[in-house]
Ligand SMILES: Nc1nc2c(ncn2[C@@H]2O[C@H](COP(=O)(O)OP(=O)(O)OP(=O)(O)O)[C@@H](O)[C@H]2O)c(=O)[nH]1
Ligand SMILES: [Mg+2]
């Protein structure tokens, strides 16, 4: 399949407070457009987006997930991110590579800390965004109340674009104020507006139209002269206003009632900017000069690695956004950050844990590359004769670190190997935290009943410093435990070991939660 043209792509990060319903809606949307055959649910651990055992156990998102699908000729890459501040790194990474954002707000909770954090971050990046008031079927959900809160907090540029029909369990559809249509799912028929809604809809529509015309001189004059404005004119003006951050539309949905999908898809396609509109990304040449790369399929290749995971089946998997040119499978590329050539074999588009192989990925699109050797998160990939370096993601500093305690010598070996794998492979916050923990060894997390971590690693190396370094190099190269016992490191072993480490890090995080007096640490009670 030829690569998708950049103007037919939407890269949209989904952000918001923890538990506001992000993953459920993305999952439902995938099912509604036919991208998945089975509707996965966060609560019964069947979501294809929350697949890590820890995510399934706690019913929360820990790792970002990509959800790629095509709707009416537009390739939509949704990036579902964790809402919990403990996993803020993935939210940052998602925001970094997205061209627009959907900020989720729970209809019964209103603005929460996570909403504020996401808004501030998007504001600083000047990312075009929409609000989505979700979970509208809940008993104490109140669309008008939350809309009022949003306008009060973020100003009158926040305007309704979709409004719900019916309340709580009677919620039946949303009205798209611009289209003037009653919409439910993408496959449900579009209905005309019910007469009894006319007054309410009229008021909301006036608010919307006034906000749109205020951003466009010509439309404003004609509106004040009492002239009729066409749908196309209003749509184009709203698109430009959203792109420039002058208007922030508010949408409405309920994943449990399957309401709001069609209107949401319209908004993503029509209101949010494409990579082509986002324009050139500025990077640096090896000599430090600024260079720009156009989001064009014919440009020299440049791409950025924004996440690395250890997939249980394929091993190391690098999530990549292509900024310019076209990335081909079975080719060589250059990691400008590590200054090493890399071999690209297969390339995938991701839909949660589902992988769709592809031969080409064009500028503006997002994909995953398995088994890159030296490349880590934040790397710029390009052609060797046209080197460019993009800025690294500005990850938040961790608010606490955790220590991993090996219970036995065998565990200690695995841990050391993991520390190296972490260096070379999986840049998850947990691995990072674990690695830092090995270095830092904060005293308050040490268990007096167990061997202290790091005793055999750094303070009293078993083989002396030089021997130890040599041994670690051999392990890193997958060449076994030492010169006498050459042993290959199976490809999936890294993933399995990383999983062990992540599990331990999470348990340690839980202990910290309990230590802070939060019963159960992280996670949500079963609904
Ligand atoms: N009543 C109701 N509950 C919902 C709806 N959408 C999600 N939920 C529930 O809200 C809880 C959180 O949903 P998630 O989709 O995991 O929320 P999230 O924002 O992805 O959470 P994090 O990724 O952990 O920040 C789950 O128990 C869902 O079943 C909805 O439309 N209506
Ligand atoms: Mg989630």
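The values are calculated or read from the model by the stated rules, or taken from the named source; none is laboratory data. If you're wondering where the values come from, they're calculated on a predicted model, not measured in any experiment. Note that we place each Cβ from the backbone using ideal geometry, even for glycine, and neighbour counts take in every protein chain shown.
All conditions but one from (1) within 25 Å of residue 107 (Cα to Cα); (2) surrounded by 17 or more Cβ atoms within 10 Å (Cβ to Cβ) apply to residue 194; the one that does not is (2).
Being part of a helix (DSSP H, G or I) and free of Cβ contacts under 8 Å to residues at least 60 places away in the same chain is the filter; apply it to the range 99-120 and report the residue that is farthest from ligand 1 (Cβ to nearest atom). Lay out the reasoning, then the answer.
If we filter the range 99-120 for residues that are part of a helix (DSSP H, G or I), which is where we start, we get 113-120.
Filter once more, so that each one left must be free of Cβ contacts under 8 Å to residues at least 60 places away in the same chain: 116-117, 119-120.
Values: 116: 15, 117: 12, 119: 15, 120: 17 Å.
Step by step, filter the range 99-120, then rank; the result is 120.
Quick check, is residue 285 touching a helix residue (DSSP H, G or I) at 6+ places or on another chain (Cβ under 6 Å) and in contact (Cβ under 8 Å) with a residue 24 or more places away in the chain? No, not satisfied.
Mind listing just one residue for me: the one in the range 26-44 that is within 11 Å of ligand 1 (Cβ to nearest atom) and in contact with a helix residue (DSSP H, G or I) (Cβ under 8 Å, 6 or more places away or on another chain) and, of those, farthest from residue 71 (Cα to Cα)?
Checked the range 26-44; the qualifying residue farthest from residue 71 (Cα to Cα) is 42.
Scanning the range 68-85 for residues that are surrounded by 21 or more Cβ atoms within 10 Å (Cβ to Cβ) and within 23 Å of residue 398 (Cα to Cα) returns 79, 80, 81, 82, 83. Taking the range 369-394 as the range and being under 16 Å from residue 307 (Cβ atoms) and crowded, with 24+ Cβ neighbours inside 10 Å as the test, the residues that pass are 369, 372, 375, 379, 381, 390.
For (1) at pLDDT 95 or above; (2) under 13 Å from residue 268 (Cα atoms); (3) within 11 Å of ligand 1 (Cβ to nearest atom); (4) not assigned by TED's automatic domain parsing to the domain that holds residue 260, each residue gets a yes or a no:
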| position | (1), (2), (3), (4) |
| --- | --- |
| 57 | no, no, no, no |
| 69 | yes, yes, no, no |
| 74 | yes, yes, no, no |
| 82 | yes, no, yes, no |
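Could we say that residue 50 is within 12 Å of ligand 1 (Cβ to nearest atom) and in contact with a helix residue (DSSP H, G or I) (Cβ under 7 Å, 6 or more places away or on another chain) here?
Numbers: within 12 Å of ligand 1 (Cβ to nearest atom): yes; in contact with a helix residue (DSSP H, G or I) (Cβ under 7 Å, 6 or more places away or on another chain): yes.
So residue 50 passes the test.
Of all residues in the range 196-218, those satisfying the criterion of being in contact with a helix residue (DSSP H, G or I) (Cβ under 6 Å, 6 or more places away or on another chain) and part of a helix (DSSP H, G or I) are 212, 213.
Could you go through the range 11-29 and let me know if any residue there is buried (at least 24 other Cβ atoms within 10 Å of the Cβ), away from ligand 2 (no atom under 12 Å from the Cβ) and in a helix (DSSP H, G or I). Yes. Looking across the range 240-269, the residues that are surrounded by fewer than 19 Cβ atoms within 10 Å (Cβ to Cβ) and closer than 30 Å to residue 324 by Cβ come down to 240, 243, 244, 245, 246, 269. Hey, among the residues in the range 41-75 that are in a helix (DSSP H, G or I) and touching a residue at least 24 places away in the same chain (Cβ under 8 Å), which one's nearest to residue 311 (Cα to Cα)? The qualifying residue nearest to residue 311 (Cα to Cα) is 53. Scanning the range 373-398 for residues that are without any contact (Cβ under 8 Å) to a residue 60 or more places away in the chain and over 24 Å from residue 294 (Cα atoms) returns 373, 374, 397, 398. Set side by side, the residues 93, 65, 88 differ, and just one is surrounded by 18 or more Cβ atoms within 10 Å (Cβ to Cβ), within 27 Å of residue 361 (Cα to Cα) and away from ligand 2 (no atom under 12 Å from the Cβ), which is 93.
Is one or more of the residues making up the range 409-417 within 29 Å of the chain's Cα centre (by Cα), over 14 Å from residue 337 (Cβ atoms) and surrounded by fewer than 20 Cβ atoms within 10 Å (Cβ to Cβ)? Scanning the range 409-417 turns up no residue that is within 29 Å of the chain's Cα centre (by Cα), over 14 Å from residue 337 (Cβ atoms) and surrounded by fewer than 20 Cβ atoms within 10 Å (Cβ to Cβ). Is the range 180-187 home to any residue that is modelled with pLDDT of 90 or more and either outside the structural domain of residue 34 (by TED's automatic domain parsing) or touching a strand residue (DSSP E or B) at 6+ places or on another chain (Cβ under 7 Å) (or both)? Within the range 180-187, none of the residues are modelled with pLDDT of 90 or more and either outside the structural domain of residue 34 (by TED's automatic domain parsing) or touching a strand residue (DSSP E or B) at 6+ places or on another chain (Cβ under 7 Å) (or both).
Any residue that is in contact (Cβ under 8 Å) with a residue 60 or more places away in the chain and within 16 Å of ligand 2 (Cβ to nearest atom) - is there at least one of those in the range 146-154? Within the range 146-154 (the criterion being in contact (Cβ under 8 Å) with a residue 60 or more places away in the chain and within 16 Å of ligand 2 (Cβ to nearest atom)), the answer is no, since none of the residues qualifies.
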